[in-house]
Amino acid sequence: MSVVAGDAPRTRIAIPAPAPGDDDVPAHATPRRRRARFLFFTNECVGLGHLQRCLTLAAAVCAEDPSATALIVTGSQYVPHGLPAGVDIVKLPAMGRDGDGAYAARSLGVDAGHLSRVRASVASAIAREFDPDVVVVDKLPLGVSSELEDTLREVRAGHARVVLGLRDIEDSPEVVRRRWDEGRHGEVLETLYDQVLVYGPESSLDMLDCVRWDRPLPPVEHVGFVGAAPAEQRPEDLPADYVLATFGGGVDGYPLAKAFVEAVRERPLPVPALLVAGPLMPAEDVEDLRARAAGLDVTVQVSRDDLAAVAAHARAAVAMAGYNTVSELVRAGTPALLVPRVRPSGEQLIRAEGLAAAGLVDMLHPDTLEAGALRAALDRLLVRPRSAAGLGDTDGAARAGRILLAQADAVLDR
C-alpha cells in the first residue's frame with residue numbers, strides 16, 4: 001500500500017513492555033484520587049464503524065484498569081446491548097449525509113444547523129458534568145460541523161487531556177488536504193490536542209501522511225489495527241461450512257445484498273450462505289431480501305452479537321470494506337471478497353485496492369456489480385485458501401488502551 005509522506009515532525013512515544021515476573025501485578029494498581037474517567041466522541045454519520053471502534057477501545061481501557069470508567073457519546077442510530085463493564089453510552093440525535101457528503105438531520109424535522117447546535121449543547125453539558133480525565137475524539141478534530149469546538153476548549157482549559165483517533169485511511173490525499181485546510185485541522189491539533197493515535201500501522205495512508213504541515217504536531221503513535229480478536233469458539237447454530245455475506249450496519253448495504261442473493265439464485269453455492277443484513281438496513285429491504293432468498297440455501301438475519309466469530313469461522317465472506325469488518329476478516333484469515341463503498345468518500349476503495357494488491361483479499365468494484373460478475377467472483381473466492389499471514393500489528397486496542405491510561409495517570413497523579 002503506497003504512502004504519501006508528509007513533512008510534519010511526528011513525535012513518537014514508547015510503550016514499555018511488562019517487566020519479567022510482573023504478570024500478576026495489576027498494570028494500574030497505584031491509588032488515585034478517583035476512578036479514571038474517559039469520554040469518547042464517535043462522530044459517525046453512516047454505519048456503526050466508529051461506535052464499534054470506540055466500544056473496543058473503551059473495553060480495552062477498562063480491561064487494563066478495572067477501576068476506570070468510560071462514557072461514549074454517539075450519534076449512531078443503533079446502540080448495542082450488553083456493554084462492557086465500566087462502559088456506558090449517551091445517544092445524540094442522528095446526523096446523516098447526502099450523496100454529495102453534505103450533512104442533514106437523519107430523523108428530526110430540523111435543518112442541519114439547528115441540529116448541530118442541539119448536539120453541541122448536549123455534548124458540552126455531558127463533558128461538563130461527567131468531568132473526564134481523557135477525552136478521545138474519533139476522526140474529526142472538531143466533530144461534525146465543528147460542533148465539539150466549544151466543548152474541547154472547555155475541557156482543555158480544565159484538567160483533561162484530549163486525544164484524536166484516526167483510521168488507517170481517511171480518503172485520497174487530495175481530498176484529505178482540502179478538508180484539512182477547510183476544517184482548520186492543523187491549528188486545532190496544535191492548540192487543542194495532547195496526543196494523536198492512528199488505528200493502523202506505519203504503512204497506512206492516514207490523514208497525517210496526506211498533508212503538508214510545517215509546524216510541530218502533538219505526539220503521534222500508530223497503534224496497529226483495532227478490532228476484535230478472532231474467536232476460537234465456532235457459532236453453535238451454524239453448519240461446519242458456510243459463506244457469510246455481511247454489510248456492516250447495513251444502511252447502504254442493500255445493493256450488494258441483493259446482488260449476492262441473485263448470484264446464488266443464478267447458480268447455487270456448494271455450501272449454505274448466511275446473510276447478515278445489519279441493524280440499520282431498512283426493514284422493507286430486509287423483507288425483500290428474505291422474499292428473494294425463498295427456496296435458496298440462504299439464511300437472512302438482521303444482526304448477530306457474535307458476528308466476529310461468524311466471520312472468523314466462515315469458509316469465505318463477501319463484505320463491503322469498512323474498517324472493522326476488514327480488520328476482523330483479514331486478521332482471522334477468512335478468504336474475503338470486498339465490494340467497497342466508493343461515494344461520498346474514497347476510504348473503502350483505497351483500503352480494498354491496497355489489500356487486493358497485497359494479495360490479502362479479492363475485490364469487485366461496485367460499478368461492475370451484477371449477479372453474473374459476483375457469481376464468478378464467488379467461484380474464485382471459494383477456492384482461495386485461508387491466509388495464515390493476515391494483517392500484522394493487530395493488537396491496536398490493547399496498545400491504545402495503555403496509552404490512554406498513561407494520559408489519565410498524568411492527570412490524576414498531579
Inset, instruction - Report the relative contact order of the stretch 72-140, percent, no decimals, based on alpha-carbon pairs under 8 angstrom and at least 6 residues apart. - result: 22 percent
Inset, instruction - DSSP loop (so not H, G, I, E, B), at most 14 other Cβ within 10 Å: list which trypsin sites (Lys or Arg not before Pro) in the stretch 299-367 pass both filters. - result: none
Inset, instruction - For Glu370 and Asp111, compute 0.36 nm times the residue count separating them, minus their Cα-Cα distance, and round to one decimal in nm. - result: 89.6 nm
Inset, instruction - Check each of the trypsin sites (Lys or Arg not before Pro) in the stretch 102-209 and keep only those in coil by DSSP with at most 15 other C-beta atoms within 10 angstrom; list them in order. - result: Arg184
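Before I look further, what does the stretch 80-179 give for accessible area per residue, probe 1.4 Å, in whole square angstrom?
44 Å²
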Inset, instruction - Putting +1 on Lys and Arg Cβ atoms and -1 on Asp and Glu Cβ atoms, find which of Pro268, Leu355, Val188 reaches farthest to the positive end of the dipole of the chain. - result: Val188
Legend entry - Ranked order, Trp180, Trp213 - accessible area, probe 1.4 Å, largest first: Trp213, Trp180
Inset, instruction - Report, for the chain, the % of DSSP beta bridges that are antiparallel, rounded to 5. - result: 5 percent
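What full-extension length gain, to one decimal in nm, is calculated for Asp214 and Arg97 as 0.36 nm per residue of separation minus the Cα-Cα distance? Can you show the working numbers first?
On the way: separation 117, 0.36 × 117 = 42.12 nm, distance 3.22 nm.
Here the segment from Asp214 to Arg97 would lengthen by 38.9 nm.
The values are calculated or read from the model by the stated rules, or taken from the named source; none is laboratory data. Values in this document were obtained by computation on a predicted structure and should not be read as measured data. So basically every Cβ, Gly included, is an ideal-geometry build from the backbone, and we count neighbours across all protein chains shown. Keep in mind that these areas ignore ligands, DNA and RNA; they rest on the heavy atoms of the full protein, side chains included. Shrake-Rupley method; radii C 1.70, N 1.55, O 1.52, S 1.80 Å.
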